[in-house]
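Beneath this line is the structure, given in C-alpha cells, with notes to follow.
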Amino acid sequence: MIRILAFILCMLPFGASAASVMTFTDLGYEFGGTPTYVEDGITATTSGLALGSHHNPGTAHMDDRATAFASEIVFTMAGRFDAYSFDFFPILGGAGLYKCDIGPSNCNTIEYQDVKLSGERDGIAVATTLFSSGDLPNTYELGSAFSNLDKFTISLLSAIEGEIGDKYFGCLSITCTHWDIDNVTLSAVPLPAALPLFGAGLLVLGLVRRFRG
C-alpha cells in the first residue's frame, strides 16, 4: 500500500513557481538600515549589523569589515528554494588589497577571492563557491548546485594584512572590499499541485479504516 501511495505521489503534477526578486527598493539608507528586510517572499537577515543602502539607493551595501554595514547577508524563503542570480556593483576608490615593497613606496593591487557564496539544506552546506569581485558591475549566475536550499548566504571575506617577507600587504582604506548588491533572484521549490487534495484523501481513508476497525 505504501509503495502504491508513493508512486501516486511521484506522478502528481507540480505547479509552476515564478521567480522572486529582492530589489531592495524600500531598504533604508545609510546606518539607519535594519538587520532584517522582507520583499517578494524573500527574507534577508544579518547578524545584527546594518542592512541598508549607501552609495546607490535601492541596493544593499556590504563591507568586509570595520563598519556598521554587514559583511554577510543570509537569504531565506518560507520553504525550499532555488537560488538563481544576483547583481553586484564594486565600489571603487578606497577598496582593494595592495602589495608593497617594504621601504620604497612601490605598491601593486592584488586580485584575491573576496566573496564567498554558500547554500545550505537542513543545516548542512551543499554548495560553496569563491570568486573575486573585481572592478566592474556584473551579474553572478548560480549553478544547479544552489538548488533546493533552506538558506543562501553572500559573504565578503577579509584579507590578511601585514608584513610577509620583504612585502607588506594591506588595504588602502579600512575596508578591502565594499560593494552594493541588487536583484537577488530566488524561486520557491513548488509542491505538487494536487498534494493538498491527495493529503486530504489519505486523511479520509485513514478515518474510514479506523471506524471500520
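For segment 165-213, filtered to residues that are out of contact with any strand residue (DSSP E or B) (no Cβ under 8 Å at 6 or more places or on another chain) and surrounded by 15 or more Cβ atoms within 10 Å (Cβ to Cβ), the residue that is modelled with the highest pLDDT is L195. Taken together, the residues in segment 108-135 that are free of Cβ contacts under 8 Å to residues at least 24 places away in the same chain, surrounded by 13 or more Cβ atoms within 10 Å (Cβ to Cβ), among the polar types (S, T, N, Q) and in contact with a Leu (Cβ under 9 Å, 6 or more places away or on another chain) amount to 2. Among the residues of segment 42-51, the one identified as out of contact with any helix residue (DSSP H, G or I) (no Cβ under 6 Å at 6 or more places or on another chain) and under 12 Å from G28 (Cβ atoms) is L51.
Look at D82 and say whether it is among the charged types (D, E, K, R) and more than 15 Å from the chain's Cα centre (by Cα). Answer is no for this residue. A count restricted to segment 140-173 and to residues that are over 25 Å from the mean Cα position of the chain (by Cα) and either closer than 30 Å to M77 by Cα or among the aromatic types (F, W, Y) (or both) stands at 2.
Can you work out which of the residues in segment 136-147 that are among the polar types (S, T, N, Q) and touching a residue at least 40 places away in the same chain (Cβ under 8 Å) is farthest from D87 (Cα to Cα)? Full working, then the answer.
Initial filter on segment 136-147 (among the polar types (S, T, N, Q)): 138-139, 144, 147.
If we keep only those that are touching a residue at least 40 places away in the same chain (Cβ under 8 Å) as well, we get 138-139, 147.
Details: N138: 6, T139: 4, S147: 18 Å.
So the residue we want is S147.
Only one entry of Y112, Y98 meets the criterion of being assigned to a loop (DSSP other than H, G, I, E, B) and more than 28 Å from I42 (Cβ to Cβ), and that entry is Y112.
The values are calculated or read from the model by the stated rules, or taken from the named source; none is laboratory data. Treat the numbers as computed from the prediction; the structure is a model and nothing was measured. With ideal geometry, Cβ positions are generated from the backbone for all residues, glycine too; neighbour counts draw on all protein chains shown.
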